[in-house]
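Peer 1: My structure is below; once you've seen it, I'll send some questions.
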Amino acid sequence: MSVQPTTPPDSHSLLAVVSSIMDFPAPGIASPEDYARLVGLLDTLCPLQHFAMLGLADGGLNWRYTYQLPDVFKQQLGREEPRLTEQLTRLDEGQGWCVQPVEHIDVQWLLARSTPDQAPTLRLLLECLAKRLHETQTGTQLAGQASPLMQRDPQWQEKIEKIGRVMRLAHNLPQHALFAQLEAVLRQMLSVSDMLLIRLENQRLERLYPPHLTYDDDIIRAMCHSTNSVERHEEGLYWYSLPLRQQQQYFAHLILNMTRPLETDDRLFLDFLRHQLTLLLELKRVRQQLDEHNSEESINQRLQQLRQTNLRLQKRLKHHQELERRLQFNALHDPLTQLPNRALLMNHLHHAMTRYRRYQTAGFTLIFVDVDHFKQVNDALGHSAGDQLLQELGSRLQGCIRQNDMVARLGGDEFVIYLDNSQREEDISPVLNRLIGRIGHPFRLQGNELTITVSLGVASVTEQTADVSELLHQADLAMYQAKRNGRSRIVMYSEACTEQAGSPEERLFRALREGRIVPYFQPVIRLCDSRLVGLEVMARWITEEGELKDAFDFIPLAEQCGLIQDLDRQILKRTCQQLKLWQPASGVGRFRIAINLSGKHLASHEQIMQLLTIMEEEGVIPACFIFEFNERELSRQSADSLTALHELRAKGIQVSLDDFGTGFSSLNALFHFPVDYIKVDDSFTHRMLNSPKDLALIRAMRDICQDLDFTLVVEGIENQQQLQKLIELGCALGQGRHISPPLPGADIPPLLGQASRETKPSDLNPS
């Protein structure tokens, strides 16, 4: 977008408008007359076509104020709420639109439109208004919130009003007189002896107020040596230095000396004063800029700068749009196959169901696809070959469908195909034939040729279908029936599938009763030398069809149907039995077993005793175990959970805080709950090489653990690059598929022999 030369507004007029804008009240208390006056002010310099203040609320968009904004525009923007930022930033500045973000609880954006040649002036005015709205929020919080600190001072409201009156004099008083007024108010309210405004640049003191100082320069320099707040007590005086920042850059120090120390209420009030002074400095900056921009040369330079800024903004906007598009894509697609994930599939199915019921359109069909004996591929060729197989399979499935159909990956080796406008056999059969034909061709995986088979379950929507979740469940049941029939089969859903399989809850209950929920073990190593220091227990479900399900496939179901505690106790019992078999090879106390437990076990003393009884009956000492509790779940437990944790630690059981960083009060959990280990959620590990923020978070967790004497364990190490980076960061312990996948108990003894020879007891809890 090119910027056309324009005559700048009269400096005095612009400054008067800016000054008036800085008196605009908080949006929550502003009257219709205040808004009308604001629009009139903007219109005096920029012929105003449209104006709005808007933000986000629980019910959607909140139009705090609008001026001549068409309802059609508001409705269109409202329908695009999930992409609101993108929609706003796409408004064409060449047509006079200006969009300004705002830091305010009720208002997040200012939206205005004038003539294109007035866009620079309008943008400056919106920036000033945004600063004013942010400042009113600070004042409102001080003046309106039920703050115990402020309520202790009966004069707090009067103090704020006095400061406000002084600041409003800024437009009429010389600088020295204004600061003298401010000093007089502070002397009265806070027993201030002297107020100084000092700028320190290159060790040179610039006395902004007062021009002549009676204090030694060394004392003043000591109060200005840092861009942070400084406090000193010297010769019976209490000195306080508050840095002022203009446009996030250091400007000067407000220095006060007093005969008494500041109270907590006074400190909060001074913070408010600092915000007011910063606002005043911003006004002075506007005045100075206007004086500097009066010459023709300065105007031309500014226009050139605007052109360059516009180019940079356009590039930045494209970058942000691409980043947002990428983030949105990643949220709705499987990272391995790039196919739609469960969330996108369910959203698509809900829309399809709505069309089917509302418009009586042709129905649709789901095909549930599951690879037969997929675990054997991972075990024989490795997980990288398994991933390659899933990628190629996803590509082949996509090649079998039509334009309006969809292939989604639910997780693991499970795929779902959506067939649009397909209920009849003649519509479904051609797709099934193509699937069987293309999947039947051998796959080439890392130099190996492999032929696989799949089990297919088919379910079509009917008038009796309650919702899309039920339809997906029917396709799942039909797929499991295909596996029971011998695999490599196609089964159309019928009531017989439900009768034979039972509900998911029933299948899980049978698995518990028959002992088909078993522990697998993932090694935990010391990263600096790769020594084994422990194992994490991971539950696995051996289905009736012989498939091995990961914990994330059934743990939520166990929690939902109230079986999670029974499941935990069974896994603990099986782990104790396995531990006794290992002890001859490993030696007692050479390593610890970390086991994930539901926070519900912490609800009472009786629950804790059940866990301890299992260990006692199996002849395993509690000191062999680390109990892991999910951070988010732990935070939802009652106060009794804290007592239960202390009880466990008294028995020698250590406690680990799992999935650290995913909750809303992570740091608070460190101080509230007695823990020994902190486990970094694997999502941070997966992103850290491409995300500076995630890398910084891991680095911060490392420092916190070192300072607070916790042991840091990093999960989800999937490749050598991640491992090397964590070693460079100095992280203590780690685990992940790159180190070792979860293994059955029979595969563990060779590793334990190594741990017995190499690991000392002190290695188990490195600092």
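Peer 1: How many residues are surrounded by fewer than 22 Cβ atoms within 10 Å (Cβ to Cβ) and within 24 Å of residue 376 (Cβ to Cβ) if we restrict to the stretch 450-477?
Peer 2: Total satisfying the criteria: 4.
Peer 1: Sticking with this structure for a sec: Given the criterion assigned to a strand (DSSP E or B), over 20 Å from residue 367 (Cβ atoms) and not small (Gly, Ala, Ser), identify the matching residue among 518, 491. So that I can check it myself, show each step before the final result.
Peer 2: Working: 491 fails: over 20 Å from residue 367 (Cβ atoms).
Criteria check complete, one pass: 518.
Peer 1: Now for a separate question. Quick check on my filter: what residues within the stretch 208-251 are more than 16 Å from residue 193 (Cβ to Cβ) and of a type in the set (Asp, Glu)?
Peer 2: 217, 218 - these are the residues of the stretch 208-251 that are more than 16 Å from residue 193 (Cβ to Cβ) and of a type in the set (Asp, Glu).
Peer 1: Also, I was wondering about something else. Output the residue which, of all residues in the stretch 492-543 that are of a type in the set (A, V, I, L, M) and under 30 Å from residue 462 (Cα atoms), is modelled with the lowest pLDDT. Break it down into steps so the answer makes sense when it comes.
Peer 2: Within the stretch 492-543, the subset of a type in the set (A, V, I, L, M) is 492, 496, 501, 508, 511-512, 517-518, 524-525, 527, 532-533, 535, 537-539, 542.
Still in the list and also under 30 Å from residue 462 (Cα atoms): 492, 496, 501, 508.
On the way: 492: 92, 496: 79, 501: 62, 508: 86.
The selected residue is 501.
Peer 1: Moving on. Can you tell me which of 487, 438 is without any contact (Cβ under 8 Å) to a residue 60 or more places away in the chain, surrounded by fewer than 19 Cβ atoms within 10 Å (Cβ to Cβ) and not assigned by TED's automatic domain parsing to the domain that holds residue 719?
Peer 2: Working: 487 fails: without any contact (Cβ under 8 Å) to a residue 60 or more places away in the chain.
Just one listed residue meets the conditions, 438.
Peer 1: State whether the residues of the stretch 217-226 include one that is over 24 Å from residue 271 (Cβ atoms), at pLDDT below 80, assigned by TED's automatic domain parsing to the domain that holds residue 251 and not β-branched (Val, Ile, Thr).
Peer 2: For the stretch 217-226, residues over 24 Å from residue 271 (Cβ atoms), at pLDDT below 80, assigned by TED's automatic domain parsing to the domain that holds residue 251 and not β-branched (Val, Ile, Thr): absent.
Peer 1: Another question, then. What's the total number of residues in the stretch 532-559 that are over 25 Å from residue 714 (Cβ atoms), touching a helix residue (DSSP H, G or I) at 6+ places or on another chain (Cβ under 8 Å) and either among the basic types (Lys, Arg) or assigned to a helix (DSSP H, G or I) (or both)?
Peer 2: Counting residues in the stretch 532-559 that are over 25 Å from residue 714 (Cβ atoms), touching a helix residue (DSSP H, G or I) at 6+ places or on another chain (Cβ under 8 Å) and either among the basic types (Lys, Arg) or assigned to a helix (DSSP H, G or I) (or both) gives 3.
Peer 1: So, one more: Which is outside any helix (DSSP H, G or I), polar (S, T, N, Q) and outside the structural domain of residue 484 (by TED's automatic domain parsing), of 361, 337, 309? If you could, list the steps in order and put the result at the bottom.
Peer 2: Values: 361 fails: outside the structural domain of residue 484 (by TED's automatic domain parsing); 309 fails: outside any helix (DSSP H, G or I).
After applying the criteria, what remains is 337.
Peer 1: Follow-up. If we scan the stretch 297-304, do we find a residue that is surrounded by 12 or more Cβ atoms within 10 Å (Cβ to Cβ), modelled with pLDDT under 70, among the hydrophobic types (A, V, I, L, M, F, W, C) and out of contact with any strand residue (DSSP E or B) (no Cβ under 8 Å at 6 or more places or on another chain)?
Peer 2: Going residue by residue through the stretch 297-304, those that are surrounded by 12 or more Cβ atoms within 10 Å (Cβ to Cβ) are 298-299, 301-303.
Subsequent filtering for residues that are modelled with pLDDT under 70 retains 298-299, 302.
Next cut, among the hydrophobic types (A, V, I, L, M, F, W, C) only: 299.
This time we only want the ones that are out of contact with any strand residue (DSSP E or B) (no Cβ under 8 Å at 6 or more places or on another chain), so: 299.
Checked against the condition, which is being surrounded by 12 or more Cβ atoms within 10 Å (Cβ to Cβ), modelled with pLDDT under 70, among the hydrophobic types (A, V, I, L, M, F, W, C) and out of contact with any strand residue (DSSP E or B) (no Cβ under 8 Å at 6 or more places or on another chain), the stretch 297-304 yields at least one hit.
Peer 1: With in a helix (DSSP H, G or I) and within 39 Å of the chain's Cα centre (by Cα) as the only criterion, which of 496, 475, 466 stands out?
Peer 2: Details: 496 fails: within 39 Å of the chain's Cα centre (by Cα); 466 fails: in a helix (DSSP H, G or I).
The unique qualifying residue is 475.
The values are calculated or read from the model by the stated rules, or taken from the named source; none is laboratory data. This is a predicted model, so every value here is computed, not measured. Neighbour counts are summed over all protein chains in view; Cβ atoms, including those assigned to glycine, are modelled from backbone coordinates with ideal geometry.
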